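These notes are about the structure you will find just below.
All of the numbers you see were taken from the coordinates with simple rules; none came from a lab. Everything numeric here is computed off the predicted structure, so don't read it as measured data. Using ideal geometry, Cβ is built from the backbone for each residue, glycine included, and neighbour counts are taken over all protein chains shown.
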Amino acid sequence: MGLARAGTVEHNESVSRSRWIRPLDALRALRRVWHDPDDTRAVFEVLDALDGPFLEGWFRRFRATRVGRRVLEEERDLLSILADRCWLAQMPEGSLGREYGAFVERENLSADGLVAASLDQQGLGYEQWLDDGRARFTARLRDQHDLEHVVTGYGRDLIGETALLAFDLGQSLSLGTAVLVGLGLLDATPQARRLFLEAYRRGRRGAWLPATDWEGLLELPVADVRALLAVGQPPPYEERGSDDRLAVA
């Protein structure tokens, strides 16, 4: 078998394996999320176990966009940019980069915190089978998460995280995200359910954020970024911690 043929077979096998769904792994992780909504590793395990079949469609859509092609050709690493706190702090007041820096500082986060959570998984997920381009794409999805918090205005409290998941569900079909939103709906008040529904609608109306040129938007005012991405203004809501479950005043 020639090298080219071998490479094609290996790629096809990788794509095939990336389509696996592991319901038992998802169920075990969901139980942990239910008992501890702050268990970020368990959230990643749910997504890892259920979203394999959707990844290829997302990647092909991404690769077909101008931004997607540039990210792949230039081998961009969003994480390395977001990790430079000093550079973010020097950006104009009110800019996306400055507000992102303030957000992660206020929440005591690090840009690579999600990396540790996503890699520290018990199961064997689809990411291990991906080629460089697909791996870069999935890493970018992970690394833009807190930028989405800043742009949408949803906080890192329990309601805010569920609302952001609902927003993402409006953006892209995702079994894992749908299951996590459904879990959040189980004990949500009518007010919280309305917030989640509007978050879903915001996601449907807005630009597709996976294909966003985040690097080019960091120096722009957040208000301008929201307008460019058509996500609208952040909705007011009362933040609640995981101890309060999903109660809304």
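Results, tabulated for the structure shown:
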read-out: Listed peptides 205-216, 150-161, 223-234 by packing density, highest first (mean Cβ within 10 Å); value: 150-161, 205-216, 223-234
read-out: Within-11-Å neighbourhood charge of Leu218 [Cβ basis; K, R +1; D, E -1]; value: -4
read-out: Virtual spin-label span in nm between Glu239 and Trp20, 7 Å along Cα→Cβ; value: 3.9 nm
read-out: The range 137-249 shape via C-alpha gyration tensor axes, a/c threshold 1.5; value: prolate
read-out: Leu109 paired with Glu75, simple spin-label distance in nm, labels 7 Å along Cα-to-beta-carbon; value: 2.8 nm
